[in-house]
1. Quick one: accessible area per residue over the chain, 1.4 Å probe, rounded to a whole number of Å²?
2. For region 47-93, what class follows from the C-alpha gyration tensor (a ≥ b ≥ c being the square roots of its eigenvalues): rounded when a/c is under 1.5, otherwise prolate if a/b is larger than b/c, else oblate?
3. Would you mind working out the magnitude of the charge dipole of the chain relative to its Cα centre, with +1 at each Lys and Arg C-beta and -1 at each Asp and Glu C-beta, to the nearest 20 Debye?
4. Principal axis extents for region 9-106, Cα atoms only, whole Å, descending order, please.
5. Note the full-extension length gain between residue 85 and residue 19 as 0.36 nm times their separation in residues minus their Cα-Cα distance, in nm to one decimal.
6. In the chain, if the dipole is taken from +1 on Lys/Arg beta carbons and -1 on Asp/Glu beta carbons about the Cα centre, which of 66, 86, 101 is farthest to the positive end?
7. Of all the accessible heavy-atom surface of the chain, with the other protein chains kept in place and a 1.4 Å probe, what percent is carbon and sulfur?
Amino acid sequence: MTGEQVSEQYRIPREVLTEYEKMGLGNRSGEESCIKRYDDQDLKNLSLLMTLLQIDYSMDEARDYLILEKENTKNAKEKQLKMLNQMREKKLNTIHEEEHQLEQLDYLRYHIIQNELT
């Protein structure tokens, strides 16, 4: 598939395809004709890249994760798991902060409602 086809069919922004190519992880077939082609492995990598970006990994973090994915060793998997655990902890902290803010909002609402009813 060409980059245009991948972008349209899988809704992957062209900027992401460009960054993917810069990472050096892309398939090189078709390069001679200046048309980059994406194979099944590229599509798997791009799907993983999009997932990582959607959960707030930076492009650099996503690149590091994809490099470890390509390495596919026990040590690489341990590093990936550590990266995922760190992001999970970060997300949980954000959720807890949001929950605390909701509690504060509810308290303020309760206070207003109680004053209006008395």
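1. Values: 8840 Å² over 118 residues.
I get 75 Å² per residue for the chain.
2. Working: a/c = 2.45, a/b = 1.28, b/c = 1.91.
Oblate shape, in that a/c is at least 1.5 and b/c is the bigger or equal ratio.
3. Working: 17 positive and 24 negative charges, 88 e Å.
The calculated dipole for the chain is roughly 420 debye.
4. That gives 61, 32, 19 Å along the principal axes, largest extent first.
5. Numbers: separation 66, 0.36 × 66 = 23.76 nm, distance 2.47 nm.
So the chain would gain 21.3 nm between residue 85 and residue 19.
6. The residue sitting most towards the positive pole is 66.
7. On the way: 4490 of 8840 Å².
After summing per-atom areas, the C and S share lands at 51 percent.
The values are calculated or read from the model by the stated rules, or taken from the named source; none is laboratory data. The structure displayed is predicted, hence computed values, not measured ones. Quick reminder, even Gly has a Cβ in these numbers, built from the backbone with ideal geometry, and neighbours come from all protein chains shown. When the accessible area is computed, the model is the full protein with side chains, heavy atoms only, and any ligands, DNA or RNA have been set aside. Shrake-Rupley method; radii C 1.70, N 1.55, O 1.52, S 1.80 Å.
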